[in-house]
1. Could you give the nm distance between label points at B:Leu62 and B:Val118, where each point is 7 Å from its Cα heading toward the beta carbon?
2. If one takes the accessible area of chain A alone plus chain B alone and subtracts that of the pair, with a 1.4 Å probe, what total in Å², rounded to the nearest 100, results?
3. What average number of partner chain Cβ atoms lie no more than 10 Å from the Cβ of the residues making up B:37-46?
4. Could you state the number of Å between the C-alpha centres of the range B:57-93 and the range A:88-102?
5. I want to check the label-to-label distance for B:Ser108 and A:Val142. Put each point 7 Å from Cα in the C-beta direction and report it in nm to one decimal.
6. Determine the gain in length on full extension of the stretch A:Ala106-A:Leu68; use 0.36 nm per residue of separation and subtract their C-alpha separation, reporting nm with one decimal.
7. Counting only heavy atoms of the protein chains, get the accessible area per residue of the range A:39-82 (1.4 Å probe) and round it to a whole Å² value.
8. For chain B, what is the accessible area per residue in Å² when the probe is 1.4 Å?
Amino acid sequence: MLFDWYDYDRNVSSFDNFRRQFDRLLSEQGARGPAASTSVPAANIFESPEELTVQLAIPGVPRESLELELTDNVLTITGERKIEVPEGFVARRRERAPTQFRRTFALPHPVNPDRTQAALRDGILTVRIARAEPPKPRQIDVTEG
Amino acid sequence: MSTETVAARPVPAMPRVAPPVDVYENRDAVILAVDVPGVVRDNLTIEIEGDELLLTARQGELPKGEALHLGFAPVEFRRAFRVPRGLDSSNVSAALDNGVLRITLPKSDAIRPRRIAVA
């Protein structure tokens, strides 16, 4: 005989109640609600005299799923994350969404695609792209005749 | 001599965001999976007081340079949970991997399903 003495339903609703209370508390303090899980990850773009930096917030997206392409000053990043319930577990709440994304960035300055670095750390992809050196002024001799 | 007190400059308030959470359960434990991109271990605290579990996590600083577009400024992730009765809050473990935090709360022996042999 197997007795299951664990009364989870009541506990789940206490999670929910608390969540509601907590959300209310948050909203009273003027905080934003839960970060929306959309299929388009949030991006930051920075410029310095030397380089452009593009960041994507992609928690849980494995490095192997990422593809970056830089063509004609357009950076394209694609990636995917699946949400897998750990083996032997049952999902009681699912707010994290699986994502499959493609983002393109038209870079605001000419860049040198040969000097690009990409790093995935703590769920943030950071792509650093060197800006192209400005063309040197050329002296043009004036010939007679 | 004047005894002017120079107050420490307050840490600028970060916007607070409640991160999305999944809850998984099996007969031995409950797992909370939380998306906290940009958070390193040192900027993460999990406090358990009574039956409340409070998660606070701060994102790191932005790269240098002028921001042309800011889709995510540094935020403070914050979310609280009522720990259901029957979870062993003294044995909580947590792991951070690629921006995803996993908090494991084992069930106390009292509520684990058990087999009872009928004599």
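The values are calculated or read from the model by the stated rules, or taken from the named source; none is laboratory data. On a predicted model such as this, the values are computed, not experimentally measured, just so you know. Positions of Cβ are generated from backbone atoms using ideal geometry, with glycine treated the same way; all protein chains shown enter the neighbour counts. Only protein heavy atoms, including side chains, enter the accessible area calculation; ligands, DNA and RNA are left aside. Shrake-Rupley method; radii C 1.70, N 1.55, O 1.52, S 1.80 Å.
1. According to this spin-label approximation, the distance is 6.8 nm.
2. 5000
3. The shielding value for this peptide is 3.
4. So the two Cα centres are separated by 18 Å.
5. 9.5
6. 12.3 nm
7. On a per-residue basis, 46 Å².
8. Counting only protein heavy atoms, the per-residue value for chain B is 57 Å².
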